[in-house]
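The values are calculated or read from the model by the stated rules, or taken from the named source; none is laboratory data. All figures in this text were calculated on a predicted structure; none of them were measured in a lab. Cβ: placed from backbone, ideal geometry, glycine included. Neighbour counts: every protein chain shown. The accessibility values were calculated without ligands, DNA or RNA, using every heavy atom of the protein model including side chains. Shrake-Rupley method; radii C 1.70, N 1.55, O 1.52, S 1.80 Å.
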Amino acid sequence: MNAPFPDGAPARLDVAIAEKIYPGAEASRGARRAIANLHFSLAAGEVGALVGPSGCGKTTLLRLIAGLDRDYAGTITLPAHGRLGMVFQEPRLLPWRSVEENVRIAAPQARDEDIAALFDTLGLAAHRGDFPGALSLGLARRVAIARALAVEPDLLLLDEPFVSLDGALAQRLLQEIATLVEARRVTTLIVTHDLDEAIGLADRIFLLSGAPARLAHEISIATPRSAMTQEAARALREEARAAMAS
Amino acid sequence: MARILSLVALFAVWQFAALESSPRYLPAPGAVFAAIAQEAQSGALFSNLAMTLWRVAAAFVLAMTLGTALGIAMGRKPLFDKIADPWLVILLNVPALVIIVLAYIWAGLTEAAAIGAVALNKLPNTAATVREGARAMDAGLDEMARVYRIAPMARLRHIVLPQLAPYIAAATRSGLSLVWKIVLVVELLGRSNGVGFEINTAFQLFDVKLLLAYTIPFVAIMLAVETFLVQPFERSVSRWRPRAA
């Protein structure tokens, strides 16, 4: 891995954050350290999962990586070209534009056949012309995922993409994302509080301990996901639980 | 149907009142419509209406464009808002007449002064309305646009303006009625044509018939603009909203 792009820029994601502080209402009081001493990297095409309890700073970290918040100490190096696809916790679609327009506005250079293929895979073909207000949350999430992939990202960021979907639907969406990410070899970072989601999707799992967020343990999954057995998954869960407990 | 009956009743009251008073103070509807026909035949009605409508359109477009730009900037940039807000408050409270007279004194009795003065009267109102819209914009969509590096013009068209549309529509509705009323004052004070000028003439001659002969067609046109342009525009910008069954 780590194959450099033709222009020599590295294809990997490097995150090295010394500190991220949320200033309090007053200068001295209430300031909160959200992240402390957090280092990790992802090679090109790898899928990483940030797992930790709610409120431990996962989303904050994702926002730093996405460049939405630049107020931190440290360095973040995006994969070459740095084109991002991001699926936020809420779908964040434009309610006044159709499903297809929502994707095209973010990805004006995408080819028709690529968008059609994405829509087919994600079960959106029949909803191209719908306004987002007419969609269920599950469908709206799919549109957000189609949008994120249509830009052909160098890095795909997923912030709890399955939250508030029912179990079966979440499972199906997870399979679809896994298939798409694998087929396109997109470097992907997913934030989740659910260990099973991480095991189902990631090559590497970064366990975070909360407040301020720091790396507690890292798990590399060598087995291809398709060959993952129940026992192997259980063993990974045990390893993660033990790490979180210590 | 109720609207039509109500209009008929209005004309009936007018007719009755005209019978009871001197035609010098209140001419009957028939006499006024005859005067409209006469002014139309001579062509004066149309040329004056056209002049006034052009001034309304020019001042309106100018005020809406600049006011919207100012409103967006003020709603988005707190520092700029702090600096520009006192100016806006002052401008909102300067009487229209003062702005008009000053414009004529400083820039002469010109078309540019007339249109500029009207636009300046409407501009702060638009800016204040659009600023509310800009403050209420969805920060999540803004972040989405940043992540996807959506180009500035596309952002304006697909993200900013649709969110501001209800505010712009409100400013349009209130703006149009404000602008055409002020245009008449501007014409009365410093132009040699237009509906306002004719109304001034009618005033000098104490000719209520002529005054109404210009007022009625003009009000009818503005109502038509409201019904056939402004309302469809409002509907088209809210077409995406899911309707309650």
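DSSP beta bridges fully contained in chain A are about 50 percent antiparallel. If you build a Gaussian network model of chain B, linking Cα atoms that sit under 10 Å apart, which residue out of B:ALA151, B:ALA40, B:ALA136 swings the most? Result for chain B, Cα springs under 10 Å: B:ALA151 fluctuates most. Among A:ALA34, A:ALA140, A:ALA18, the residue with the largest mean-square fluctuation in a Gaussian network model of chain A, with springs joining Cα atoms closer than 10 Å, is A:ALA18.
The HN-Hα couplings worked out from phi for segment A:44-52 by the Karplus form 6.51 cos²θ - 1.76 cosθ + 1.60 (θ = phi - 60°) are 4, x, 7, 10, x, 10, 9, 10, x Hz, whole numbers, x standing for Gly and Pro. Which whole-number percent gives the relative contact order of segment A:150-246, counting Cα pairs below 8 Å spaced six or more residues apart? Reported relative contact order: 23 percent.
Seen from B:SER192, the other residues with C-beta closer than 11 Å to its C-beta sum to a net charge of -2, counting Lys and Arg as +1 and Asp and Glu as -1.
Would segment B:50-121 count as rounded, prolate or oblate if I go by the C-alpha gyration tensor, calling it rounded below 1.5 in a/c and otherwise prolate when a/b exceeds b/c, oblate otherwise?
Verdict is oblate for segment B:50-121.
Using a probe of 1.4 Å, the accessible surface attributed to B:LEU62 totals some 80 Å² when neighbouring protein chains are kept in position. Taking all Cα pairs closer than 8 Å and separated by 6 or more residues, the relative contact order of segment B:135-234 comes to 22 percent.
Rounded to the nearest 100, the interface formed by chains A and B buries 1900 square angstrom of accessible surface, both chains summed, with a 1.4 Å probe.
For segment B:78-167, the dipole from Cβ point charges (+1 on Lys and Arg, -1 on Asp and Glu) about the Cα centre works out to 200 debye, to the nearest 20. Working note: 222 nm ellipticity from helices only, DSSP H runs with n ≥ 4, each -39,500 (n - 2.57), summed and divided by the residues of chain B, gives -27000 deg cm²/dmol to the nearest 500. Beta bridges assigned by DSSP with both partners in the protein assembly as shown are antiparallel in approximately 50 percent of cases. For segment A:75-230, the Cβ-based charge dipole about the Cα centre amounts to some 220 debye (Lys, Arg positive; Asp, Glu negative; other atoms uncharged). Less than 5 angstrom separates the built amide H of A:VAL191 from those of A:LEU50, A:LEU158, A:ASP159, A:GLU160, all sequence-distant by 5 or more or on a different chain.
Here's the picture: charge each Lys and Arg Cβ at +1 and each Asp and Glu Cβ at -1 in segment B:103-245, and of B:PRO162, B:ALA113, B:THR215 the one pushed furthest to the positive end of that dipole is B:PRO162. Couplings for segment A:187-202, taken from phi via the Karplus curve 6.51 cos²θ - 1.76 cosθ + 1.60 with θ = phi - 60°, read 5, 9, 10, 10, 9, 7, 9, 9, 4, 5, 4, 4, 5, x, 10, 9 Hz in order; Gly and Pro are left as x. Annotation: amide H-H contacts under 5 Å for A:GLY74 (H modelled 1.01 Å from N, sequence separation of 5 or more, or interchain): A:ALA18.
In the protein assembly as shown, the convex hull through the Cα atoms has an average projected area of 33.3 nm², a quarter of its surface area. 3J(HN,Hα) along segment A:96-109, derived from phi through the Karplus expression 6.51 cos²θ - 1.76 cosθ + 1.60 where θ = phi - 60°, amounts to 9, 10, 5, 3, 5, 4, 4, 6, 5, 5, 7, 10, x, 8 Hz, with x in place of Gly and Pro. Only Lys, Arg, Asp and Glu carry charge here, each on its Cβ (+1 for the first two, -1 for the last two); on that basis chain B has a dipole of about 860 debye about its Cα centre.
Rolling a 1.4 Å probe across the protein heavy atoms gives the protein assembly as shown an accessible surface of 49 Å² per residue.
Segment A:83-207 has equivalent-ellipsoid semi-axes of 22, 16, 12 Å, by the square roots of 5 times the alpha carbon gyration tensor eigenvalues, sorted largest first. For segment B:7-118, relative contact order (Cα pairs under 8 Å, six or more residues apart, normalised by length) works out to 16 percent. Using R₀ = 22 Å, calculate the FRET efficiency as 1/(1 + (r/R₀)^6) where r is the Cβ-Cβ separation of A:GLU101 and A:GLU176; round to 0.05. Step by step, r from the Cβ atoms, then E = 0.50. For chain B, a Gaussian network of Cα nodes joined below 10 Å ranks B:MET64, B:MET74, B:MET153 by mean-square fluctuation, and the top entry is B:MET153. Summing charges over all other residues whose Cβ lies under 11 Å from the Cβ of B:GLY67, with Lys and Arg as +1 and Asp and Glu as -1, gives +2.
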